[in-house]
Amino acid sequence: MQQFDLTDEQRQIQEMAQQFTADAITPQAAEWDEKHIFPKDTIRAAAELGFGSIYVSEESGGIGLGRLEAALIMEAMAYGCPSTSAFISIHNMAAWMIDRFGGEEVKQKYLPSMVTMERIGSYCLTEPSSGSDAAALKTKAVLDGDHYVVSGSKAFISGGGENEIYVTMVRTGEDGPKGISCLVIEKDMAGVSFGAQEKKLGWHSQPTAQVNFDEVRVPVANRVGAEGEGFRIAMMGLDGGRLNIGACSLGGAQRCLDEAINYTKDRKQFGKAIADFQNTQFMLADMETELQAARYLLYVAAAKVTANAPDKTKFAAMAKRLATDSGSSIVDRALQLHGGYGYLQDYPIERFWRDLRVHSILEGTNQVMRMIVGRELTRQ
């Protein structure tokens, strides 16, 4: 059994994240959602536990954990608020990219303040005209002495307008993936501006806006990796991001399954608890089975990404697809089991229903996940 179980250290990490969530996230999450509050203080409190630099190396001040440990943390925090957990995940992806691929100068410049989340990072890939076709991005960076001059726009950026650091994919060369590079751009650089905050179905506890670059001068020293390596760096970042967003779906689904079990045991119809009806038990059984299947596929995928296994991208795509589709389906059935009450904001289910819906779109749509898996299968 041991090879399929968590280690003692992993359980301790999971329990620490669960306790932090119970104390600092769950009691406030409904208010954050209702009032569109961006909980910076709570996010920085998470960083005090190392959750702002989960897989940043210890040499750079991070806690140097693997992708499975990161998934456990994201899953635990999403039990309270998927939106806040996902936001922390995106910052971790930006920090990891700088640590993993950046030179000493760019690491020294940004990582100390990112580890503490004194400065928070966004990941900028998607553009108004290039979403799934990320390699078609048009934001241009032209070399001018020891600076790049950057012009273009990025869309749907978590932290847009609030975060201080934007790890941005730009075109420095030819069309297609080989002409893309990665630059770190700061909020206060001349020429950086932001669109209005997007009005979203869910994810109300985090800001989302378009980021615009109008001839922004960015030092060459802020490049992460070599010229032309940006797309590869972006895709490697997305392997981890897909695991984390899948983990956020697992955490949200687990919360709603627990809520449904408690509600159906308390709620009585036709003279007995609705949990005693066979139909209810069949629904709960299917929800649990699908949740556990998605969870263990995601854990295996996380181990493969940590180990840099040859099939890591395929497994990350499969795990993201299954966890996010299953998560939304489980929450939907939990709402159904609550009846009319599930539709009310007095109960947490509707918030999770809204928050989890976007998970099958971001970090690569689930249709793109199927493309990745299908392509790998037919290439063999």
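What a 1.4 Å probe finds exposed on the stretch 300-380 is 57% carbon and sulfur by accessible area, rounded to a whole percent. Per-residue ellipticity at 222 nm computed for the chain from its helices equals -16500 deg cm²/dmol, with DSSP H segments shorter than 4 residues left out and the rest contributing -39,500 (n - 2.57). Mean-square fluctuations from a GNM of the chain, with a 10 angstrom spring cutoff on Cα atoms, peak among Asn279, Asn222, Asn92 at Asn279. Find the relative contact order for the chain and round it to a whole percent, using C-alpha pairs within less than 8 Å whose residues are 6+ positions apart. Once divided by the residue count of the chain, the mean separation gives 17 percent.
Solvent-accessible area assigned to carbon and sulfur over the stretch 75-186 amounts to 50 percent, based on a 1.4 Å probe. For the chain, the solvent-accessible area with a 1.4 angstrom probe is 44 square angstrom per residue. When mean projected area of the Cα convex hull in nm² is calculated for this entry, the matching label among (1) 25.2; (2) 19.3; (3) 18.3 is (2).
Full extension of the chain between Arg44 and Ala226 yields a length gain of 62.4 nm, computed as 0.36 nm times the residue separation minus the alpha carbon distance. Net charge near Asp276, counting Lys/Arg +1 and Asp/Glu -1 over other residues with Cβ under 11 Å of its Cβ? Net charge around Asp276: +4.
Per-residue packing, averaged as other Cβ atoms within 10 Å, sorts the ranges 113-120, 65-72 into the order 65-72, 113-120, beginning with the highest. Give the shape of the stretch 44-137 as rounded, prolate or oblate, defined through the alpha-carbon gyration tensor: a ≥ b ≥ c are the square roots of its eigenvalues, a/c under 1.5 means rounded, and otherwise the shape is prolate if a/b is larger than b/c and oblate if not. Oblate is the answer for the stretch 44-137, as a/c is 1.5 or above yet b/c matches or exceeds a/b.
Each Lys and Arg adds +1 at its Cβ and each Asp and Glu adds -1 at its Cβ; summed about the Cα centre, the chain shows a dipole of about 920 debye. Computed over the stretch 135-181, relative contact order equals 41 percent, with contacts defined as Cα pairs under 8 Å that lie 6+ residues apart. Give, as a single signed number, the net charge of other residues whose beta carbon lies under 10 Å from the beta carbon of Gly102, with Lys and Arg counted +1 and Asp and Glu -1. The answer is +1.
Farthest towards the positive end of the charge dipole of the stretch 146-240, among the residues Thr172, Val220, Phe156, is the Cα of Phe156, using unit charges on the Cβ of Lys, Arg, Asp and Glu. Coupling constants for the stretch 283-293 follow from the phi torsions by the Karplus curve (6.51 cos²θ - 1.76 cosθ + 1.60, θ = phi - 60°), and in residue order they are 4, 4, 4, 5, 4, 5, 4, 5, 5, 5, 4 Hz; glycine and proline get x. Only Lys, Arg, Asp and Glu carry charge here, each on its Cβ (+1 for the first two, -1 for the last two); on that basis the stretch 1-65 has a dipole of about 180 debye about its Cα centre. Among the trypsin sites (Lys or Arg not before Pro) in the stretch 178-240, those located in a DSSP loop and surrounded by at most 14 other Cβ atoms within 10 Å of their own Cβ are Lys199.
Build a GNM of the chain with springs between Cα atoms under 10 Å apart, and of Pro82, Pro112, Pro128 the one that fluctuates most is Pro128.
Give the relative contact order (percent, whole number) for the stretch 121-228; include only Cα pairs under 8 Å separated by 6+ residues.
32
State the percentage of accessible surface on the stretch 241-283 attributable to carbon and sulfur atoms; use a 1.4 Å probe and exclude ligands, DNA and RNA.
After summing per-atom areas, the C and S share lands at 48 percent.
The values are calculated or read from the model by the stated rules, or taken from the named source; none is laboratory data. Treat the numbers as computed from the prediction; the structure is a model and nothing was measured. Reconstructed Cβ throughout: ideal geometry from the backbone, glycine too, with neighbour counts over all protein chains shown. When the accessible area is computed, the model is the full protein with side chains, heavy atoms only, and any ligands, DNA or RNA have been set aside. Shrake-Rupley method; radii C 1.70, N 1.55, O 1.52, S 1.80 Å.
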